[in-house]
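A.B. asks: What follows is a structure written as structure tokens; I'll ask about it next.
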Amino acid sequence: MITIKEVGELFVAALEAYEVSLTENEDGRLESLNSEDDVTDHLREKFRTHPHFTILPKGHNRAFGDMDIEIEGQVYPVNVKMVAETSRTYNGGGPKVFNYVLRGKKSSSGWDHMVRDLVENPPTKIDSDYYYLVYYKRSQKKPQFVALTEIAKESIVANPANPIQLKQNLMTVKRNDKEKASFMMGLINEILYKRAKPYLRLEGLPLK
């Protein structure tokens, strides 16, 4: 049986040997969004007959990830990120991603409902993992395929507005199931604290 990490290695090798068609746009974010289709279309075509995994049809789960990879009935969402050299950070997701990793749910009613659930039933392990396929635009950098729960803390910025911000050249670390859950809960704690800081100041309440 092939693993999702081995599939990721195949994707990285395929993209290293392929010249991605970048849709020119003055807005780098729109350029990235429009160019993601070339990446996913190329991978779908290259691996459409692979005997050990299937890339599910475009639109299968578009609201949650750019590609869904199925391996023996298990589906793994992959978020394709097109990153410019000038980008210090880029968006990796928000409450929906946390809810999926910790609870396996692909929908989210926002922070409040999710936090209530996490307080009542604190997770001791993750439910599912979430993956990123990172392609560095107009760069000689090697693409990366990483799981969110294995990204080093130094490669993530917890942001109150755009919660998960990823850095260039992602570093990874090995974590067990308990450490992965703790890592995700730590990110939530940091994000929500940053969101609450203006209110705490306004009310004269102590900051950490």
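A.B. asks: As a check on your grasp of the helix formula, calculate [θ] at 222 nm for the chain: sum -39500 (n - 2.57) over DSSP H runs of n ≥ 4, divide by the residue count, round to the nearest 500.
C.D. replies: -12000 deg cm²/dmol
A.B. asks: R0 = 25 Å: FRET efficiency of LYS194 with ASP127, Cβ-based, nearest 0.05?
C.D. replies: The pair LYS194/ASP127 has a calculated efficiency of 0.50.
A.B. asks: Stretch LEU207-SER109 to full length: gain in nm at 0.36 nm per residue minus the Cα-Cα span?
C.D. replies: In short, 32.5 nm is gained.
A.B. asks: For segment 95-104, in order, what is each residue's ³J(HN,Hα) by Karplus, 6.51 cos²θ - 1.76 cosθ + 1.60 with θ = phi - 60°, in whole Hz (x at glycine and Pro)?
C.D. replies: x, 4, 5, 4, 5, 6, 5, 8, 10, x
A.B. asks: Which of the lysines could a cross-linker span from LYS125 if the Cα-Cα distance has to be under 23 Å and same-chain partners fewer than 8 positions apart are dropped?
C.D. replies: List returned: LYS5, LYS96, LYS105, LYS106, LYS153, LYS174, LYS178, LYS180.
A.B. asks: Would you please classify the overall shape of segment 137-208 from the alpha carbon gyration tensor, given that a ≥ b ≥ c denote the square roots of the eigenvalues, rounded means a/c under 1.5, and beyond that prolate means a/b larger than b/c while oblate covers the rest?
C.D. replies: Oblate is the answer for segment 137-208, as a/c is 1.5 or above yet b/c matches or exceeds a/b.
A.B. asks: Tilt of helix 111-120 relative to the longest C-alpha principal axis of the chain, in degrees (0 to 90, nearest 10)?
C.D. replies: Once rounded, the angle reads 70 degrees.
A.B. asks: Using a Gaussian network model on the chain with a 10 Å cutoff between Cα atoms, which of HIS42, HIS60, HIS113 fluctuates the most?
C.D. replies: Result for the chain, Cα springs under 10 Å: HIS113 fluctuates most.
A.B. asks: Please report THR40, THR172 as a ranked list, fewest other C-beta atoms within 10 angstrom at the top and most at the bottom.
C.D. replies: Exposure proxy ranking, most exposed first: THR172, THR40.
A.B. asks: Next question. Most exposed first by the Cβ proxy, i.e. fewest other Cβ within 10 Å, how do MET171, MET114 rank?
C.D. replies: In increasing order of surrounding Cβ atoms, one gets MET171, MET114.
A.B. asks: For the chain, take the longest principal axis of its alpha carbons; what is the angle in degrees between that and the long axis of helix 28-46, to the nearest 10 within 0 to 90?
C.D. replies: So the inclination is approximately 50 degrees.
A.B. asks: Against the globular-protein guess of 2.2 N^0.38 Å, express the Cα radius of gyration of segment 107-159 as a ratio, rounded to two decimals.
C.D. replies: In units of the 2.2 N^0.38 Å rule of thumb, it is 1.55.
A.B. asks: If we count other beta carbons within 10 Å of each Cβ, what is the order of ILE191, ILE71, fewest first?
C.D. replies: ILE71, ILE191
A.B. asks: Under 5 Å between amide hydrogens, which residues at least 5 positions from MET67 or on another chain qualify, with H placed 1.01 Å from N in the peptide plane?
C.D. replies: Those qualifying (amide H under 5 Å, at least 5 residues apart or on another chain) are VAL78, VAL80.
Read the figures in this text as sums done on the coordinates, not as results from a lab. Note that this is a predicted model, so its numbers are computed, not measured. Glycine gets a Cβ as well: all are built from the backbone with ideal geometry, and neighbour counts include every protein chain shown.
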